[in-house]
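Comments concern the structure below.
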Amino acid sequence: MKKKRNPQFTTDEAQTATLLVTEGWGVCLREYKYKYPRVIIGMCDKEALKPAERVFKTKIIASRKTKTVCPPHLFPSDGKGTWIITKTGKPAEQLVKHLKPLLTKEFSKKWEQVLKECR
C-alpha cells in the first residue's frame, strides 16, 4: 500500500516555511498612528527565494546596504545588499496562520509577540 503525500501543503509552501524559520523574521511596522505586522525573508541567494515569491505572491526586491553583506556574484555588482521578500498586514497574518503547522514553536512564539506588539 502506497502512502499518499499530504495534499494540504505544496512543495513551495513547505520550502517557504523552512525559509521563514531559518532566514525570516517578523516585525511590527509603524506607519503614522497605525501598526501592521510584517513578515520578512532576506538572504543573498535570489534563486532560493523563488518558492517564497510564489507563496507570498509578491516580487523579490533588493535591499541595499552600506557594507558588503553578500558575495558579489550573488548580489551584483558589489555585494552591498540582500534580496528580501515581505508581506504586511492581514495578508501576513493569514500566511503565517496557514503555514503554522510547518513552523517551529520558537518562530510561532516570536510571531505571537509581534502580533501582541501591533495590537
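Structure notes:
- In region 7-34, residue surrounded by the most Cβ atoms within 10 Å (Cβ to Cβ) [restricted to those that are of a type in the set (Gly, Ala, Ser) and assigned to a helix (DSSP H, G or I)]: Ala17
- Complete set of residues in region 37-60 that are surrounded by 13 or more Cβ atoms within 10 Å (Cβ to Cβ) and out of contact with any helix residue (DSSP H, G or I) (no Cβ under 8 Å at 6 or more places or on another chain): Ile40, Cys44, Asp45, Lys46, Lys50, Glu53, Thr58
- Residue list for region 75-119, filter: in contact with a Cys (Cβ under 9 Å, 6 or more places away or on another chain) and among the aromatic types (Phe, Trp, Tyr): Phe75, Trp83
- Counting only residues that are polar (S, T, N, Q), farther than 16 Å from Pro91 by Cβ and in contact with a helix residue (DSSP H, G or I) (Cβ under 7 Å, 6 or more places away or on another chain), region 8-35 holds 1 of them.
- Taking the conditions (1) small (Gly, Ala, Ser); (2) part of a helix (DSSP H, G or I); (3) at pLDDT below 95 in turn, Ser77 satisfies each one other than (2).
- Any chance Thr68 is modelled with pLDDT under 95 and in a loop (DSSP other than H, G, I, E, B): yes
- One residue stands out in region 18-36 among those that are in contact with a Lys or Arg (Cβ under 9 Å, 6 or more places away or on another chain) and not basic (Lys, Arg): the one that is nearest to Gly79 (Cα to Cα), namely Trp25.
- Residue that is nearest to Thr88 (Cα to Cα) [pool: residues in region 36-59 that are of a type in the set (D, E, K, R) and touching a Leu at 6+ places or on another chain (Cβ under 7 Å)]: Arg38
- When Glu93, Glu106, Glu112 are checked against the criterion of being in a helix (DSSP H, G or I), at pLDDT 95 or above, of a type in the set (D, E, K, R) and crowded, with 18+ Cβ neighbours inside 10 Å, a single residue qualifies: Glu93.
The values are calculated or read from the model by the stated rules, or taken from the named source; none is laboratory data. Only a predicted model underlies this, so the values are computations on that prediction, with no experimental measurement involved. As a convention, Cβ positions derive from the backbone with ideal geometry for all residues, glycine included, and neighbour counts pool all protein chains shown.
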